[in-house]
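I have placed the structure first, in the form of structure tokens, so that the comments after it can refer back to it.
The values are calculated or read from the model by the stated rules, or taken from the named source; none is laboratory data. Keep in mind that this is a model prediction, so the values were computed, not measured. Note that each Cβ is placed from the backbone with ideal geometry, even for glycine, and that neighbours are counted across all protein chains shown.
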């Protein structure tokens with residue numbers, strides 16, 4: 001679809017595209033520079049490559065994992081655990097926030113407990129989680145949910161409570177019931193908070209799944225990190241960490257894409 005823009009608007013759009021391209025180019029340049037310096041200091045012997053690894057050693061380790069068929073197996077295990085925990089944490093957290101918003105009495109009763117549970121170091125529950133769920137993926141998914149669900153609940157509850165009071169008063173004065181207020185005002189006004197919560201929970205999901213794999217796992221990227229540290233294969237540790245960074249960045253990019261789709265639909 002062709003748009004008829006004024007000269008000033010067209011110039012502004014061109015400048016904006018150039019700025020975006022410049023930002024991406026600088027990001028790539030910084031990344032290349034960091035990896036180049038890392039490779040240089042290890043190749044020159046300024047830092048022991050056994051302790052710090054290097055980009056070339058990481059590439060060789062990843063290639064070795066690919067050749068023996070274990071690379072995508074470990075990625076698949078961790079990715080499934082992370083996505084399952086992320087999905088459950090988001091859904092349960094959203095539902096819990098709705099319940100707490102709906103009933104002020106329930107919110108006042110449960111809010112102190114939620115805050116305490118949020119402050120509790122989740123790894124302290126590791127032994128109990130193993131007893132409850134065993135040593136399989138279920139324990140890791142539960143740890144992922146436990147890490148993310150409180151964050152999702154508190155973020156969404158804050159967004160629901162901060163809905164414009166003037167608009168709430170207007171809808172009440174027009175006879176709207178609580179369900180209508182929720183559907184017509186509270187949820188639409190919470191779109192930015194939903195996206196913000198998803199972005200935060202991406203990181204929490206990866207923290208939870210890797211934390212769970214540290215405690216109990218027989219496969220996955222967290223398992224590779226623990227195993228590599230135990231046998232002093234630090235190239236394996238750095239390789240698994242590098243793959244984790246790529247996966248987390250990809251998951252975050254999907255949330256950003258969802259944000260653009262939602263905002264585009266909202267503007268129509």
If you go through the stretch 199-229 one residue at a time, how many are more than 14 Å from residue 82 (Cα to Cα) and not in a helix (DSSP H, G or I)? 2
Flag if residue 40 is loosely packed, with under 11 Cβ neighbours inside 10 Å, under 22 Å from residue 234 (Cβ atoms) and not assigned by TED's automatic domain parsing to the domain that holds residue 208: no
Report yes if residue 260 is surrounded by 13 or more Cβ atoms within 10 Å (Cβ to Cβ), assigned by TED's automatic domain parsing to the domain that holds residue 154 and out of contact with any helix residue (DSSP H, G or I) (no Cβ under 6 Å at 6 or more places or on another chain), otherwise no. no
Scope the stretch 215-249; condition without any contact (Cβ under 8 Å) to a residue 12 or more places away in the chain and under 16 Å from the mean Cα position of the chain (by Cα); matching residues: 245, 246, 249
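Just to be sure, is residue 239 modelled with pLDDT under 80 and surrounded by 15 or more Cβ atoms within 10 Å (Cβ to Cβ)?
It is false that residue 239 is modelled with pLDDT under 80 and surrounded by 15 or more Cβ atoms within 10 Å (Cβ to Cβ).
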From the set of residues in the stretch 53-70 that are assigned to a helix (DSSP H, G or I) and touching a residue at least 40 places away in the same chain (Cβ under 8 Å), which is surrounded by the fewest Cβ atoms within 10 Å (Cβ to Cβ)? 60
Looking only at the stretch 89-98, decide whether some residue is surrounded by fewer than 18 Cβ atoms within 10 Å (Cβ to Cβ) and under 30 Å from residue 218 (Cβ atoms). yes
Filter pass, residue 212 being under 20 Å from the mean Cα position of the chain (by Cα), in contact (Cβ under 8 Å) with a residue 60 or more places away in the chain, assigned by TED's automatic domain parsing to the domain that holds residue 79 and more than 27 Å from residue 156 (Cβ to Cβ): no
Got at least one residue in the stretch 79-93 being free of Cβ contacts under 8 Å to residues at least 40 places away in the same chain and either in contact with a helix residue (DSSP H, G or I) (Cβ under 6 Å, 6 or more places away or on another chain) or farther than 30 Å from residue 242 by Cβ (or both)? yes
Working only within the stretch 131-157, note down all residues that are surrounded by fewer than 14 Cβ atoms within 10 Å (Cβ to Cβ) and in a helix (DSSP H, G or I). 131, 132
From (1) over 13 Å from the mean Cα position of the chain (by Cα); (2) at negative phi; (3) surrounded by fewer than 20 Cβ atoms within 10 Å (Cβ to Cβ), pick out the condition that doesn't hold for residue 252. (1)
Per the filter on the stretch 181-191, residues loosely packed, with under 13 Cβ neighbours inside 10 Å and either in contact with a strand residue (DSSP E or B) (Cβ under 8 Å, 6 or more places away or on another chain) or free of Cβ contacts under 8 Å to residues at least 24 places away in the same chain (or both) are 183
Which one of these does residue 196 not meet: (1) in contact with a helix residue (DSSP H, G or I) (Cβ under 6 Å, 6 or more places away or on another chain); (2) surrounded by 16 or more Cβ atoms within 10 Å (Cβ to Cβ); (3) in a helix (DSSP H, G or I)? (1)
